[in-house]
Structures are given as C-alpha cells and as structure tokens.
Amino acid sequence: MSFMLSGDCVAVIVEGEEAVSRMRRLIGATDPTKAKRGTLRKLFGHSGASNAVHGSDSWESAEREIGLLFPDFDLES
C-alpha cells in the first residue's frame, strides 16, 4: 500500500458487468515487459514492483481496497 501512495495517485471505483476482468485487461500484466501493447502498464510501468497501476484481482479484494481508499463510501448504495 505504501508504494501505491508514494506519489501522485488517482483512485477510482469502477462498477459494471465484469468490471474486474475488464479493468485487468486494460491494466495489463503485472510485469510491464510482458504486458500487451496499449495497456496502461505497458505504456507507463517501469518494473514488476513499479508498474504504474493497481487493480483489484477479485470482488473480495475490491471491497477491501475500496474500504482502505474510500472509507466513507457505501458499497450498498
């Protein structure tokens, strides 16, 4: 978490059908050298540890991470 907040950060909540898997495709592979052309990590990542983007890998992770970054956000509404 400390790396994610070590510099400027834009945090968003994306919702919709297959939101997690669709965002994972947009983000790209964790290792930017293995990410597909046009993905955010291919465009902006530097290494596996400094890969420019974090995205939840499941709904359960998303719930936990939303709670960390948006403590007042109501997931029920």
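The values are calculated or read from the model by the stated rules, or taken from the named source; none is laboratory data. All figures in this text were calculated on a predicted structure; none of them were measured in a lab. Ideal geometry is used to build each Cβ from the backbone, glycine not excepted, and the neighbour counts take in all protein chains shown.
Details
- Given (1) touching a helix residue (DSSP H, G or I) at 6+ places or on another chain (Cβ under 7 Å); (2) among the hydrophobic types (A, V, I, L, M, F, W, C); (3) not in a loop (DSSP other than H, G, I, E, B), index of the condition Met23 fails: (1)
- Selection within region 41-72 - part of a loop (DSSP other than H, G, I, E, B), modelled with pLDDT of 90 or more, surrounded by 11 or more Cβ atoms within 10 Å (Cβ to Cβ) and over 13 Å from the mean Cα position of the chain (by Cα): Phe70
- Only one of the numbered conditions (1) loosely packed, with under 11 Cβ neighbours inside 10 Å; (2) over 30 Å from Asp74 (Cα atoms) is not met by Asp31, and that is (1).
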